[in-house]
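The structure under discussion appears below in the form of structure tokens.
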Amino acid sequence: VVFVTDETSRHEVTSWRIDGQDDDDDDDEEDAVAPPEVKLAGSQCHAVLIIDHSGSMRNDDVPGYNSRAHAVYECLKRDFVAEQIKSGTGTDVVVSVIAMSTTATLLLHKKPLNKSLIDDLQRLSTRRPRYHGNYIPALDKALEIMKADAANTSGLLLLFFSDGAPSDQHDMQCTHGI
């Protein structure tokens, strides 16, 4: 079982089981933690992507990329959109993109998952990350979008891309008070 925890390692954020593995596996074999792409096959799926656009995403510490934000957009284009197009599973999928900074900005709303989405992501990758990375407004915006579309889709997917702890952890409160 793989566990992802907060920075204190005391609170679990998420976890998953690695199927098909036993203790006798060769160390040379690559362990598959998750599938190489997310399969969205189905009727009228909606993928909502929250992408961190805070100042730390300007850092150029990801080898082969100009910045952390550039790495996210390039991986989305190559490993998410292009893979869905190639496999033919993205034909009935729409994608929304939310920029997470001090506020949440809806950059794309229900764009079809096709070649033009790659062009849109390329255009968005030139936006300069800045300010803070407040999670609450971005998650609230995602919830708003997903609630509005829940009755119209057979599947909803939320992908969250960030490089660190939320900036709003001390200044804002969630509706549930934590």
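We did not get these values from a lab; they are worked out from the coordinates using the rules stated. No experiment lies behind these values; they were computed from the predicted model shown. FYI the Cβ positions are ideal-geometry reconstructions off the backbone, even for glycines, and counts take in every protein chain you see.
Computed values, structure above
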item: Integer Hz, Karplus 6.51/-1.76/1.60 couplings in order for the stretch 69-79, x for Gly and Pro; result: 4, 4, 4, 4, 5, 5, 5, 4, 4, 7, 8
item: Protection proxy ranking, peptides 46-59, 64-77, 136-149, average beta carbon neighbours within 10 Å, highest first; result: 46-59, 64-77, 136-149
